[in-house]
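A quick write-up on the structure given underneath.
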Amino acid sequence: MGIRLTDGPDPAAGLDPDLVNAARGIGFAVGARLRELAPALRPVNESGAEPDLVIEEIDLDPTDPLDPLTLIACLQAHDAYAMARGRPGAASPGALALARVLTWAARAEMLGRAPRIAWIGPPARRPQGLVGHAVTASVSLRDGDHLVRAVAVAVIA
């Protein structure tokens, strides 16, 4: 199953198909970057099925609202990453958090000079003494009755 949205309206509903395709294109590019970073995939369950995680929340600090096109790009990036790892339908909360930061950077690049990411990864692995502006993405996903969280930090130099 992987990571999915709660039941509800399709985020692409009513959007210009060209914009949706552009968002998916950003997602594919971000997916390639995720392959370099190689965040962990959640293990399959006891029956051998991929986990089924439902998105509760995706945040970015500093605040950058999650619009439908950004959501589409993040999900595309996650799915492209899982597919590249040979596990279509797999789930990686860390990849989704990283995708949120990288999608923000890709969209910022479209508006002007690209932010230079000096380092990106989980907060616990941030190198000591690394100076720069931190952009933090956090995701909350529901796995049945359990809440799964992941955080990614990018240090902008």
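Derivation of every value follows stated rules applied to the coordinates shown; laboratory data play no part. These figures come from a predicted structure and were not determined experimentally. Using ideal geometry, Cβ is built from the backbone for each residue, glycine included, and neighbour counts are taken over all protein chains shown.
Once the cut-off is 15 Å, how many percent of the Cα-Cα pairs in the range 1-70 end up in the long-distance tail?
The answer is 70 percent, as a whole percent.
Kindly state, to the nearest 0.05, the FRET efficiency for Ala84 paired with Asp18, given R0 = 22 Å and r defined as their beta-carbon distance. Provide the component values of the computation, followed by the final result.
Values: r = 25 Å, r/R0 = 1.16.
So the FRET efficiency works out to roughly 0.30.
Charges only on Cβ, +1 for Lys and Arg, -1 for Asp and Glu: so what's the dipole of the chain about the Cα centre, in debye to the nearest 20? Please list the in-between numbers first.
On the way: 15 positive and 18 negative charges, 165 e Å.
Using only the charged Cβ atoms, the result is roughly 800 debye.
At q = 0.10, 0.18, 0.19 Å⁻¹, what is the log10 ratio I(q)/I(0) for the chain, with the Debye formula run over Cα points and no solvent?
-0.34, -1.10, -1.22
Using Cα pairs closer than 8 Å and at least 6 residues apart in sequence, work out the relative contact order for the chain, in percent.
Numbers: 299 pairs, mean separation 44.3, N = 157.
Rounded, it is 28 percent for the chain.
Between Glu109 and Ser140, how many nm apart are label points set 7 Å from Cα along the C-beta direction?
Placing both labels 7 Å beyond Cα along the Cβ direction yields 3.1 nm.
When all C-alpha to C-alpha distances in the range 57-118 are sorted into bins of 5 Å, what percent of pairs does each bin hold, rounded to whole numbers?
Once binned at 5 Å, the Cα pair distances of the range 57-118 give 4, 18, 27, 23, 16, 9, 3, 0.
How would you order 79-89, 93-103, 126-136 from highest to lowest mean count of nearby Cβ atoms within 10 Å?
Working: 79-89: 17.1, 93-103: 28.0, 126-136: 11.7.
Order by mean packing, descending: 93-103, 79-89, 126-136.
What is the distance in Å between the Cα centroid of the range 131-156 and that of the range 82-118?
Rounded to whole Å, the Cα centres lie 12 Å apart.
How far is the Cα center of the range 12-32 from the Cα center of the range 39-56, in Å?
Taking the Cα centre of the range 39-56 as reference, the centre of the range 12-32 is 25 Å away.
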